[in-house]
Amino acid sequence: MFVSRISQNICFSVCLFIAVAFGFVTGSAKQVFGEGSNLGFRSGGKFSDYDPIVYQYNASGERFRIRGRCRSACTMFLGIRNVCVEPTAVFQFHAGSVELGGTRVQSAISSAHMMAHYNSRLRTYLEAGKYLETRDLHNITGRDMIAKFGYPACPPR
């Protein structure tokens, strides 16, 4: 487990370094993400689209609101220290993957990278259910993220 945590931290640091080096972390994250929310990034995608935003919001301390559907890599926004969750949000978790020769294949390293963004209660739940070991989507409501896993609810807009 200790070695796994070190690998996660190294992977995150390398991704962050690349993002900064190539200029992905510039300007205001609000301009990219529409006023500090997951809008426009609900369906997941590449870590390189998400890690710089997590880093920038953690550095600034600004609130980041998760609303509506949040699938796959979008769930990495849970790693923002001033994140809030709308009760009507729906999170969709599955195993991480990488592209090899034009084919998506499951990747324990990608799953570990996503897990590093979740709090301990959510990680324990996902590990126990083996939800990040399959490409099948596992849904968790915003209400459950707040009540069962301790993520803060968003204030009314």
Under 5 Å, built H, 5+ apart or other chain: amide partners of V90: G68, R69, C70, G142
Order of I53, I66, I109 - criterion: other Cβ atoms within 10 Å of each residue's Cβ, fewest first: I109, I53, I66
Under-5 Å amide H pairs with T134, H placed in peptide plane, nonlocal only: A95
Loop sites in the stretch 82-131: trypsin sites (Lys or Arg not before Pro), DSSP, at most 14 other Cβ within 10 Å: K130
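Every number here is computed from the coordinates shown, using simple stated rules; none is lab data. The model shown is predicted, which means the values in this text are computed figures rather than measured ones. Here the Cβ is made from the backbone with ideal geometry for all residues, glycine too, and neighbour counts use every protein chain on show.
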